[in-house]
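The values are calculated or read from the model by the stated rules, or taken from the named source; none is laboratory data. Here the structure is a predicted model, which is why all the values come from computation and not from measurement. A quick note on method: Cβ atoms are made from the backbone with ideal geometry, for glycine too, and the neighbour counts reach across all protein chains shown.
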Amino acid sequence: MTDKPANTMWGGRFAASPAAIMEEINASIGFDKRLAPQDIAGSKAHAAMLADQHIITAADAAEIVRGLDAVKAEIDAGTFTFSRALEDVHMNVESRLKTLIGEPAGRLHTARSRNDQVATDFRLYVRDRLDGFDVAVARLQSALATKALAHAGTVMPGFTHLQPAQPVTFGHHLLAYVEMFARDRGRFADARRRLNESPLGSAALAGTSFPIDRHATAKALGFDRPMGNSLDGVSDRDFALETLSACAISAVHLSRFAEEIVIWMTPQFGFIRLSDKFTTGSSIMPQKRNPDAAELSRAKVGRIAGAFQSLLMVMKGLPLAYSKDMQEDKEVTFDALDSYGLALAAMTGMVLDLEPVPEVMAAAAGRGFSTATDIADWLVRELKMPFRDAHHVTGRIVALAESKGQTLDQLTLTDMQSVHPAITQAIFGVLSVEDSVASRLSYGGTAPQNVRKMAAEWVKRLEI
Ligand code: ARG
């Protein structure tokens, strides 16, 4: 037994306060305090509706709204004292409201429970973050598309298996990410659409006997409609799961790009330069320039995908309706959303900062017999060879060049004709990396002409 009194919010049938360890495991204020703006917005909408429905008086509602604004001002100013004994943000706000306005504060919780309250707050919060991500990802896309336009004709090696495959342009490579991030925004928009229904008024789980107007509170909070089932209203966390899953996929895209920056930054590749703004030195090796921001962005996906997995496991097997397990939804989600936002901002900064080194890229693009496919295509086109045969003949040409320690365009016509007598001088017109990329005019292909058009379209589309 402790001497502290029972909780003033729900302590009617409790004689004593919880054990210290109970308070520690139970309290969520340490992390859910960030829901205060949403909690206050939800309470204001609820109070106004209660008055409109004549469940409380207009005078009480006005007092409540005034008091909530005062609480909000204290929180914004940093003067609000959050108390762990009051468990969570909902009870901290309400308790302060009671101190500020007295008796009317006790009427705010009519026809409401913390179960629908937290479900509403959390939805509003996640919705705000989704809206922020949409803008932030668009900014990243815009940085990528602008750089792609500037480098529509800058050749670089394209890889498969991280082995030189065929030359591509740097702009084309960057536009691949613009497409990925467009799908990510689509997933965010999709999650937002399904998220945007109001749980408020579900009360504890069964709805309420008061004549509330759930459509009014839904509208006031910018939701499309109230959720159709009160049990589902308090126990659904799909919106957080969907958001985390979309973040995890997008974080994988960030991670893949971060990995490329790390590779391109190595002296062995030397494809790009990052300024001092996004690199660090080593405390012992003076020559080092490390791409830490890219590495950390690459790593963030671990926490984000972990959060998704964590919440999925919390929700698995939970019977309807609310269980306290669900309080575990917030910390991991907050951490994941923060991590994603940070990685997004860092990667955007790096895209704006990075500069390709065209001469290094071009030289690398020519290595590794990267225009071999162009020889095969030439044999098909000019000698009407079936592609499989052309592939075989080209393989022998590559082997010859390799044995002579030469690149494909260093071979002589005689060399070529020793492999296949019908080959003519014209074949040398397809051997340069520039000719190779310029020829790939198929829709979505790497030809500078294509890339310039696509990049310009994206830049225009992304103008806000
Ligand atoms: N802090 C709680 C949470 O985050 C609020 C809901 C509490 N509901 C309850 N029935 N104890 O889930």
For segment 369-419, which residues satisfy the criterion of being free of Cβ contacts under 8 Å to residues at least 12 places away in the same chain and among the polar types (S, T, N, Q)?
403, 406, 410, 412, 414, 417
Any residue that is part of a loop (DSSP other than H, G, I, E, B) and either surrounded by fewer than 19 Cβ atoms within 10 Å (Cβ to Cβ) or more than 43 Å from the chain's Cα centre (by Cα) (or both) - is there at least one of those in segment 452-462?
no
Wholly within segment 327-424, which helices (runs of 4 or more DSSP H) include no fewer than the required count, namely at least 3 residues that are more than 24 Å from the chain's Cα centre (by Cα)?
358-366, 372-383, 387-404, 413-419
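Could we say that residue 62 is away from the ligand (no atom under 16 Å from the Cβ), among the small types (Gly, Ala, Ser) and touching a residue at least 24 places away in the same chain (Cβ under 8 Å) here? Talk me through it step by step, then tell me what you get.
Details: away from the ligand (no atom under 16 Å from the Cβ): yes; among the small types (Gly, Ala, Ser): yes; touching a residue at least 24 places away in the same chain (Cβ under 8 Å): no.
Considered against the rule, which asks whether it is away from the ligand (no atom under 16 Å from the Cβ), among the small types (Gly, Ala, Ser) and touching a residue at least 24 places away in the same chain (Cβ under 8 Å), residue 62 comes out as no.
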So, of the residues in segment 338-368 that are free of Cβ contacts under 8 Å to residues at least 40 places away in the same chain and of a type outside the set (Gly, Ala, Ser), which turns out to be nearest to residue 181 (Cα to Cα)?
338
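If you take the residues of segment 72-89 that are in a helix (DSSP H, G or I) and touching a residue at least 60 places away in the same chain (Cβ under 8 Å), which of them is nearest to the ligand (Cβ to nearest atom)?
Start the filter on segment 72-89 by keeping residues that are in a helix (DSSP H, G or I), which leaves 72-77, 84-86, 89.
Imposing the further condition that a residue be touching a residue at least 60 places away in the same chain (Cβ under 8 Å) reduces the set to 84-86, 89.
Working: 84: 12, 85: 14, 86: 11, 89: 8 Å.
My answer is 89.
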Looking at 407, 333, which one is within 16 Å of the ligand (Cβ to nearest atom) and of a type in the set (Val, Ile, Thr)?
333
Any idea which of 293, 307, 258 is in contact (Cβ under 8 Å) with a residue 12 or more places away in the chain, crowded, with 21+ Cβ neighbours inside 10 Å, farther than 30 Å from residue 53 by Cβ and in contact with a Lys or Arg (Cβ under 6 Å, 6 or more places away or on another chain)?
258
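Test residue 432 against the stated conditions and say whether it is of a type in the set (Gly, Ala, Ser), surrounded by 12 or more Cβ atoms within 10 Å (Cβ to Cβ) and either touching a Ser or Thr at 6+ places or on another chain (Cβ under 8 Å) or over 27 Å from residue 146 (Cβ atoms) (or both).
Numbers: of a type in the set (Gly, Ala, Ser): yes; surrounded by 12 or more Cβ atoms within 10 Å (Cβ to Cβ): yes; either touching a Ser or Thr at 6+ places or on another chain (Cβ under 8 Å) or over 27 Å from residue 146 (Cβ atoms) (or both): yes.
Yes.
Taking the options 154, 120, name whichever one is surrounded by 17 or more Cβ atoms within 10 Å (Cβ to Cβ), in contact (Cβ under 8 Å) with a residue 40 or more places away in the chain, more than 14 Å from the ligand (Cβ to nearest atom) and of a type in the set (Ser, Thr, Tyr).
Details: 120 fails: more than 14 Å from the ligand (Cβ to nearest atom).
After ruling out the rest, the residue left standing is 154.
Restricting attention to segment 303-317, which residues are more than 12 Å from the ligand (Cβ to nearest atom) and among the hydrophobic types (A, V, I, L, M, F, W, C)? Steps first, please.
Here is the first cut: in segment 303-317, the residues more than 12 Å from the ligand (Cβ to nearest atom) are 303-313, 315-317.
Those that are more than 12 Å from the ligand (Cβ to nearest atom) and among the hydrophobic types (A, V, I, L, M, F, W, C): 304, 305, 307, 308, 311, 312, 313, 315.
On the basis of being surrounded by fewer than 23 Cβ atoms within 10 Å (Cβ to Cβ) and of a type in the set (A, V, I, L, M), does residue 145 make the cut? Before you say what the answer is, go through the steps one by one.
Working: surrounded by fewer than 23 Cβ atoms within 10 Å (Cβ to Cβ): no; of a type in the set (A, V, I, L, M): yes.
Spelling it out, it is not the case that residue 145 is surrounded by fewer than 23 Cβ atoms within 10 Å (Cβ to Cβ) and of a type in the set (A, V, I, L, M).
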Tell me yes or no: at least one residue of segment 312-326 is buried (at least 19 other Cβ atoms within 10 Å of the Cβ), modelled with pLDDT of 95 or more, over 14 Å from residue 247 (Cα atoms) and touching a Pro at 6+ places or on another chain (Cβ under 9 Å).
no
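Filter segment 235-244 down to residues that are in a helix (DSSP H, G or I), touching a residue at least 60 places away in the same chain (Cβ under 8 Å) and buried (at least 20 other Cβ atoms within 10 Å of the Cβ), then give me how many there are.
5
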Reported set for segment 166-214 where residues are aliphatic (A, V, I, L, M) and assigned to a helix (DSSP H, G or I) is 174, 175, 176, 178, 180, 182, 189, 191, 195
Working carefully through the options 92, 115, find the one that is surrounded by fewer than 23 Cβ atoms within 10 Å (Cβ to Cβ) and within 11 Å of the ligand (Cβ to nearest atom).
115
Exactly one condition in (1) within 30 Å of residue 55 (Cα to Cα); (2) surrounded by fewer than 18 Cβ atoms within 10 Å (Cβ to Cβ); (3) within 24 Å of the chain's Cα centre (by Cα) is false for residue 211; which is it?
(3)
The residue from 168, 178, 126 that alone is away from the ligand (no atom under 16 Å from the Cβ), in contact with a Phe, Trp or Tyr (Cβ under 8 Å, 6 or more places away or on another chain) and not small (Gly, Ala, Ser) is 178
Segment 29-44: number of residues that are among the aliphatic types (A, V, I, L, M) and either away from the ligand (no atom under 11 Å from the Cβ) or closer than 15 Å to residue 198 by Cα (or both):
3
Name the pairs whose Cβ atoms lie under 6 Å apart, with the first residue in segment 14-28 and part of a loop (DSSP other than H, G, I, E, B), the second within 13 Å of the ligand (Cβ to nearest atom), and 6 or more positions between them or separate chains?
27/84; 27/87; 28/88; 28/327
Residue 268 fails exactly one of the following numbered conditions: (1) farther than 30 Å from residue 178 by Cα; (2) outside any helix (DSSP H, G or I). What is the number of that condition?
(1)
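Working only within segment 95-112, note down all residues that are away from the ligand (no atom under 16 Å from the Cβ) and either touching a Phe, Trp or Tyr at 6+ places or on another chain (Cβ under 9 Å) or not in a helix (DSSP H, G or I) (or both).
Taking segment 95-112 first, the residues away from the ligand (no atom under 16 Å from the Cβ) are 96-107, 110.
Correct list: 96, 102, 110.
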